[in-house]
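The values are calculated or read from the model by the stated rules, or taken from the named source; none is laboratory data. Just so we're clear, the structure is a prediction, and the values are computed from it rather than from any experiment. Note: ideal-geometry Cβ built from the backbone for every residue, glycine included; neighbour counts use all protein chains shown.
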Amino acid sequence: MLYNEPSPHETRILTRRLVYPQAEPIGYEQYAAQQGYEALRKALAMTPDAIIDEVKKSSLRGRGGAGFPAGMKWSFVDRKSPKPKYIVVNADEGEPGTCKDRIILENEPHRLIEGCVIAARAIGAERGWIYIRGEYRRMIETMDRAIAEAYQQGILGANVLGSGTRFDLYTHTGAGSYECGEESALLESLEGKRGNPRLKPPFPATSGAFQCPTIVNNVETFSAVPDIIMNGGDWYAALGAPRNGGTRLFCLSGHVNKPGVYELPMGYNLLRMINDVGGGIRGGKKLKAVVPGGSSCPILKAEECDIAMDFDTLAKAGSMLGSGGVIILDETTDMVKFLYRTMKFYAHESCGWCIPCREGTAWLKKILERLDAGVGVSKDLDMVDQLAQSMFGRTFCALGDAAAMPAMSIIRKFRAEFEERIRSAQVFIPAPETRPLVVL
Amino acid sequence: MADLITLTIDGRKLKVPAGTLVIEAAKQAGIEIPAFCYYEGFSLQAACRMCLVEVEKMPKLQPSCTLPAADGMVVHTESPKVADARKGMLEFLLTNHPLDCPVCDKGGECELQDMVFRYGAGESRFTEIKYHQDEKQWSPLVYYDPARCILCYRCVRVCDEGLGVGALGLTYRGVAAEITPSHGDHLECDECGWCIDVCPVGALTSGTYRYQSRPWEMNHTGTICTHCADGCKTTLSVRNGAIIRANNRDRSGYNGEFLCVKGRFGYDFVHSGERLQSPMIRKNGKLEPVSWSEALAAVATKFSEIKARGGKFGVIGSTRTTNEENYYLQKFARQGLGTASVDHHRTGDVPALIDALSGKTDALAAMADLYQAKAALVIGADLAQQHPLIAYQLRANYRHHKMAAYLVNPGASREEQYAKKSVHAPPGKEMEAVASLAGELKGHEDLVVIFGASLRGEGVRQLVSFGDTLGIPVKYVCLVDYSNSRGAMDMGLVPELLPGYRSVREAGMEPGLALDEMLAAKDLDALWAVGANPLESAELASSAAFVVVQDLFLTETARRAEVVLPAQSAYEKNGTVTSVTGEVQKLKAGAKVMGTKADLEIMGLIAKEMGLNLGIWSPDKVFEEIRRTVRGYNIPLPVVATGGAAQTTPVNGRVPAMPRPEHIRPSGDTLFTSGTLGRYSKRLSSVMEAPGELFKG
Amino acid sequence: MTFSPQLEAKFADLITHYPEGRQKGALIPMLLYAQDEVGAVTPEVIAEVASRLNVKPVEVEEVIGYYTMLWRHKRGKHHIQVCTNLSCMLAGGEELYAQVSKKLGIGHRETTPDGQFSLEETECLGACSWAPAVLVNYDFHMKMTPEKLDRLIESLGSKQ
Ligand SMILES: Cc1cc2nc3c(=O)[nH]c(=O)nc-3n(C[C@H](O)[C@H](O)[C@H](O)COP(=O)(O)O)c2cc1C
Ligand code: SF4
Ligand code: FES
């Protein structure tokens, strides 16, 4: 299913085979009829190095959040290692604001399968898993049907399209955890454990799933690969911005007229995205702020939104492109509540492994809950900022940073609103004194 | 040897092997980096973030517990950024931690308290309501208070990696994350309590010690555990003469921090209400309390009389009394009473091994060898149940050095978790299985062989010949069951041998009766049992025998006695004991039980009463004599005196007269039983795993 | 304990998905699928799955506490999950949650006495562009309105 009409402003590469409302997923026959698996045939005739080179040339960067160059990641795998190599697809899609991987899982499963088989060829992998969040059971079923078709067609299994190499692909269900989207926690979960992240190094390319060399990429990253192989890395790179190749799926949500998932070139201007693609702010209201790439990314104020949406430009502006979840807030948005809800999420999802994240998110949530309820004091505002700084860069994995960044950016950029909330409090609260550590 | 690299920590240039963790490198230079989750010898967690340091050219602070030192690295451990991070971590930790140190069981020895004192802020900005979960009892011995837990995962790791039990895990997440026991609401494990010891805070507390004392209100005495033969060092914490805690937190012995349930909790027999506290004499068929002088006089008179008429004595010594006591006892028997019928409850064929190793130096393994050997062969022993420290050493060896373990056992044992190969063979068929391993064993650089009592006499000889064919250095451990079983043998508590494996014929005697023979002799005139309970499972044939028993409890043998003398346990006296690996360690008196005397003193007083001159009976003087006269015991005094373990070097030659192996009877004790003492330990029987089973995996 | 033939077949297949000796990988999927059939991760399910995968009970305890989709107590026949995370909150997700809670008389992770419904306030469901989102068991209902939600619950209730 597609849940929103496409926009005429889109550059449809990844989504080019989809037609609104796409009532049924594209099956093998239809996929094959539209050049499906031709890229795989081409890749099977290429050397692994040539495939990786093409992906490197495409300047395809990871669509899961961190934007790491995919070709480079693949080249880190030691193909000569005697251990089996694995492919893991990150379909955990947990970042608030993000709902794009499902477009592929739900509608064009064979694209993902094709991308995986090509990647397997590139690193010499013999098995792969698609780790799909547990709530996406229907999409797991869709993927399973497509995988069964692919086995029937000899695309998966003992002899991939007669190439003499084996590749098995399975789905694996998650069971409710945002942290399992973090790649090393995901691998732990795949192995049947709690989603606690792993120490890095070693990175997955050296020791990943079941302690074997593994590449972990997002659904969209793998899904971009067939077109790159078909049309060449240079072609793909040229679609996007410098060092940010291709198109990507942007998920517009929040206060826009036409929320939806749209495929746009990397580097697309954010204001145009809101106004042209998203049909402008709902109810003719004014734009207040945008969370540009999922809840972890530092917020942009309206005046910062005339910006190219690519990894480097956003990084320069002090934010991140993240996972493509663009949350658009209009002038009526209550920023105190917004930050509180953000922190409630991170406190709920912290795995509890390390001190600063476990305790920091819980503490911040409590302060923000009070602030939101109008029971705050002015000291709280500096404290939110300071506590977030105490977490930032000091946690075991990036979830701590992901919680700290929105806190720091929102409290700094919208401080007046927080102050106003405290001033207008209905109840009088004396400023709490600091407490001696030992109460006798 | 890894290459040395140079790094700078706090302005000091250090050379360390490449790959050394920065936290360890700093420690070598005397720079202490605080940490909760880093625990030497166990897997790395990087969870507590207390050890963050600033490294030049790295944008973020780095956890020094996982950061390998690299050439040219410049590290700052006290920069303002680092100090701020530490302060932040502690502030975070204290948010949900109760701030009630005055009533916390850990107060005064809490690592969190110490860290806050050194690195923390004086006040907390946390004014919210704390997240709280109530305390739980997991077993009679282990309590867990999630509110105090700082999630350092030490407990999880010692249980899983150290013991191979893996009874602890982590459940829930975020601020609700807590440690969970094996069965959701209760523990089924070895009940060793190590988790309690390593807990840096008051989260895990001991059912036996909690809320009884502050650490500084107790006297702490380092001594040796009296249960099995592994010889773990343990520190008894004593208040008003009563032991209220035992652990080895100072890692002073060769066991490091390790103790099993017996070492950590099984000292309660000492203060059992059933302890004998007054000498007793049988009057009108009933044992009646009498004074020490009356009891000693009665024994001396009777012994002198029997000796004078050339009567028949049987003397049985103990596997738990000290070397000094055993030495003195055999001297008393042979010189004082003129009898050659001296024996003890034998549990392994040590003389056969010493004899078979004749001519090979250095072939008896020390406890440290078990951690260093490249390969180990275990024959007929459920180590995790019977020899917890040996099991721990081997596992640590595997964990740290990938030692290859081979097992030949009648059934499953925990060592199978990591063993390279395990063959199940019934007793008597071991050597065939062992022979089948020859090819693989030869491939290792060296080997340590650990065998139980199913191999004896000829079997031991075959084993050593087999070892000789391997062409690699092989060391051996002959397993024996009680804390001073090895010492009893070394001190000549057998009919055939004098101390130091000399033939009794050297003393102009013929070997006397063995233990079973004494019991079976219808004409025995006197039986003297010092710390032994031979009548537990046998009858005394001679109804006229005058029986004298020195013991802690009114055992089966004591019940049959004419005179019962209340003795002291190893925890109440000084002296030395020799472990299963032949290492001599010092006992130090910790506890005190009114009315009792050490066996050595009792014997000395009887000798005095009898007018015998057997020398001064103070432990130090007797030990001096042992060092002078017993072969192999001329060990370096300072090592023992300072609490170390010194391995004896027994005869390197044939044993002139072999004690008969058919008198060996292994005790069959498990992790939760300990002969007579185990019976009087309520704690060992209080846990649901008790009494344990052998060879069940 | 036995499961339906379909589930047994699923388990038999699942176990082949992981490398030899690493069958613990199937743990979380097995618990989830077993819960779908049994209604909860009961002590029997824990013991059964642990023994089939040869893992210690504590390893199962560890994951049950961690994953929010695993429940120790029975969920309703219709498990209603209302997203209140950012995008959904902006579109009225919190109000929808309150509406269901009031209508069914149950709170977060509670089940109605008749076992028909259970309710959960969830984190982002991955439907942000079509917010607010509600998930009933494994079926998405997006662009929800109070009226649509009322009708949905009524139609589920009448399905008995
Ligand atoms: C807390 C956290 C959650 C994450 N969640 C997801 C996710 O749901 N989906 C995803 O693809 N990547 C997620 N990531 C990023 C992954 O760790 C990893 O970078 C990504 O799977 C790599 O694939 P890519 O290079 O194709 O983006 C998450 C990272 C963190 C720190
Ligand atoms: S119980 Fe103690 S040792 Fe175990 S994790 Fe908690 S704080 Fe650490
Ligand atoms: S915020 Fe509700 S589905 Fe993402």
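Residues that are under 15 Å from residue A:109 (Cα atoms), within 9 Å of another protein chain (Cβ to nearest Cβ), assigned to a helix (DSSP H, G or I) and not hydroxyl-bearing (Ser, Thr, Tyr) within the range A:119-139 comprise A:137, A:138, listed in sequence order.
Evaluate the following for residue A:223: is it more than 16 Å from ligand 2 (Cβ to nearest atom), without any contact (Cβ under 8 Å) to a residue 24 or more places away in the chain, under 26 Å from residue A:86 (Cα atoms) and buried (at least 17 other Cβ atoms within 10 Å of the Cβ)?
Details: more than 16 Å from ligand 2 (Cβ to nearest atom): yes; without any contact (Cβ under 8 Å) to a residue 24 or more places away in the chain: no; under 26 Å from residue A:86 (Cα atoms): yes; buried (at least 17 other Cβ atoms within 10 Å of the Cβ): yes.
The answer is no for residue A:223.
When you look at residue B:214, is it in contact (Cβ under 8 Å) with a residue 40 or more places away in the chain and either away from ligand 2 (no atom under 14 Å from the Cβ) or farther than 20 Å from residue C:59 by Cα (or both), yes or no?
Values: in contact (Cβ under 8 Å) with a residue 40 or more places away in the chain: yes; either away from ligand 2 (no atom under 14 Å from the Cβ) or farther than 20 Å from residue C:59 by Cα (or both): yes.
Yes; evaluated as a whole, the condition is true for this residue.
Return yes when residue C:124 is under 25 Å from residue C:39 (Cα atoms), at pLDDT 95 or above and either within 10 Å of ligand 3 (Cβ to nearest atom) or part of a strand (DSSP E or B) (or both) and no when it is not. So residue C:124 passes the test. Within the range A:323-332, being more than 24 Å from the chain's Cα centre (by Cα) and either within 11 Å of chain C (Cβ to nearest Cβ) or not in a loop (DSSP other than H, G, I, E, B) (or both) holds for one residue alone: A:332. Among the conditions (1) within 30 Å of residue A:4 (Cα to Cα); (2) within 14 Å of chain C (Cβ to nearest Cβ), residue A:168 misses just one, which is (1). Scanning the range C:49-107 for residues that are part of a helix (DSSP H, G or I), among the aliphatic types (A, V, I, L, M), within 14 Å of chain B (Cβ to nearest Cβ) and within 30 Å of residue A:294 (Cα to Cα) yields a total of 2.
Of all residues being more than 14 Å from chain C (Cβ to nearest Cβ) and not hydrophobic (A, V, I, L, M, F, W, C) in the range B:128-138, which is farthest from ligand 3 (Cβ to nearest atom)? Just the residue, please. Selected residue: B:137. Set side by side, the residues B:529, B:488 differ, and just one is assigned to a strand (DSSP E or B), within 23 Å of residue B:575 (Cα to Cα) and touching a helix residue (DSSP H, G or I) at 6+ places or on another chain (Cβ under 6 Å), which is B:529.
Might you let me know whether the range A:167-182 holds any residue that is among the hydrophobic types (A, V, I, L, M, F, W, C), within 15 Å of ligand 1 (Cβ to nearest atom) and either crowded, with 23+ Cβ neighbours inside 10 Å or within 22 Å of the chain's Cα centre (by Cα) (or both)?
Step one: of the range A:167-182, the residues among the hydrophobic types (A, V, I, L, M, F, W, C) are A:167, A:169, A:175, A:180.
Add one more test, that the residue is within 15 Å of ligand 1 (Cβ to nearest atom), and what stays is A:175, A:180.
If we keep only those that are either crowded, with 23+ Cβ neighbours inside 10 Å or within 22 Å of the chain's Cα centre (by Cα) (or both) too, we end up with A:175, A:180.
Checked against the condition, which is being among the hydrophobic types (A, V, I, L, M, F, W, C), within 15 Å of ligand 1 (Cβ to nearest atom) and either crowded, with 23+ Cβ neighbours inside 10 Å or within 22 Å of the chain's Cα centre (by Cα) (or both), the range A:167-182 yields at least one hit.
Screening B:457, B:508, B:512, B:531 for residues that are in the same structural domain as residue B:364 (by TED's automatic domain parsing) and of a type in the set (Gly, Ala, Ser) leaves exactly one candidate, B:457. Determine if the range B:31-44 includes at least one residue that is within 19 Å of residue A:388 (Cα to Cα) and outside the structural domain of residue B:206 (by TED's automatic domain parsing). No - not one qualifying residue is present in the range B:31-44. Taking each residue of the range A:88-116 that is more than 16 Å from ligand 3 (Cβ to nearest atom) and looking for partners that are part of a loop (DSSP other than H, G, I, E, B) and modelled with pLDDT under 95 with beta-carbon atoms closer than 9 Å, six or more apart or interchain, yields A:107/A:1. For residue C:85, the conditions (1) away from ligand 1 (no atom under 16 Å from the Cβ); (2) closer than 21 Å to residue A:177 by Cα; (3) in the same structural domain as residue C:147 (by TED's automatic domain parsing); (4) of a type outside the set (Phe, Trp, Tyr) are fulfilled apart from (1).
Identify all residues within the range A:333-350 that are within 17 Å of residue A:305 (Cβ to Cβ) and either outside any loop (DSSP other than H, G, I, E, B) or more than 9 Å from every other protein chain (Cβ to nearest Cβ) (or both); write none if there are none.
First pass over the range A:333-350, keeping only residues within 17 Å of residue A:305 (Cβ to Cβ): A:333, A:335, A:338.
The answer is A:335, A:338.
Do the conditions hold for residue B:480, that is, is it more than 30 Å from residue B:298 (Cα to Cα) and either in contact with a helix residue (DSSP H, G or I) (Cβ under 6 Å, 6 or more places away or on another chain) or part of a loop (DSSP other than H, G, I, E, B) (or both)? So residue B:480 passes the test. Would you call residue A:40 buried (at least 19 other Cβ atoms within 10 Å of the Cβ) and not assigned by TED's automatic domain parsing to the domain that holds residue A:218? Here the answer is no, as residue A:40 does not meet what is asked.
Considering the range C:106-135 alone, what residues qualify as being out of contact with any strand residue (DSSP E or B) (no Cβ under 8 Å at 6 or more places or on another chain) and within 16 Å of ligand 1 (Cβ to nearest atom)? It would help to see each step written out before you state the result.
Filtering the range C:106-135 for residues out of contact with any strand residue (DSSP E or B) (no Cβ under 8 Å at 6 or more places or on another chain) gives C:113-115, C:126.
Once the filter is applied, which keeps residues that are out of contact with any strand residue (DSSP E or B) (no Cβ under 8 Å at 6 or more places or on another chain) and within 16 Å of ligand 1 (Cβ to nearest atom), the range C:106-135 yields only C:126.
How about the range B:281-295: which of its residues are over 20 Å from residue B:540 (Cα atoms) and touching a strand residue (DSSP E or B) at 6+ places or on another chain (Cβ under 8 Å)? Correct list: B:288, B:289, B:290, B:292, B:294, B:295. For the range B:168-213, the set of residues classified as more than 16 Å from ligand 1 (Cβ to nearest atom), small (Gly, Ala, Ser) and on the phi > 0 side of the Ramachandran plot consists of B:184, B:193, listed by residue number.
Of these, B:362, B:355, which one is of a type in the set (Asp, Glu) and buried (at least 16 other Cβ atoms within 10 Å of the Cβ)? Going through B:362, B:355 in turn, the sole match is B:355.
Looking at the range B:214-226, is at least one residue within 14 Å of another protein chain (Cβ to nearest Cβ), more than 16 Å from ligand 1 (Cβ to nearest atom) and touching a Phe, Trp or Tyr at 6+ places or on another chain (Cβ under 7 Å)? Looking for residues that are within 14 Å of another protein chain (Cβ to nearest Cβ), more than 16 Å from ligand 1 (Cβ to nearest atom) and touching a Phe, Trp or Tyr at 6+ places or on another chain (Cβ under 7 Å), one finds none in the range B:214-226, hence no.
Rundown of residues vs (1) out of contact with any strand residue (DSSP E or B) (no Cβ under 6 Å at 6 or more places or on another chain); (2) modelled with pLDDT under 95; (3) buried (at least 24 other Cβ atoms within 10 Å of the Cβ), yes/no style:
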site	(1), (2), (3)
A:337	yes, no, no
A:340	yes, no, no
A:344	yes, no, no
A:351	yes, no, yes
A:354	yes, no, yes
A:359	yes, no, yes
A:363	yes, no, yes
A:368	yes, no, yes
A:375	yes, yes, no
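Within the range B:107-128, take every residue that is crowded, with 18+ Cβ neighbours inside 10 Å and hydrophobic (A, V, I, L, M, F, W, C) and give me the one that is farthest from residue A:368 (Cα to Cα). The qualifying residue farthest from residue A:368 (Cα to Cα) is B:110.
For the range A:173-265, please list each of the strands (runs of 3 or more DSSP E) lying entirely inside it that holds at least 2 residues being within 9 Å of another protein chain (Cβ to nearest Cβ). Step through it out loud before you land on a result.
Details: elements: A:214-218, A:247-254, A:260-265.
Per the criteria, A:247-254, A:260-265.
Taking the numbered list (1) part of a loop (DSSP other than H, G, I, E, B); (2) within 11 Å of chain A (Cβ to nearest Cβ) in turn, residue B:32 passes all entries but (2). Here residue B:556 fits the description: farther than 20 Å from residue B:493 by Cα and of a type in the set (Asp, Glu).
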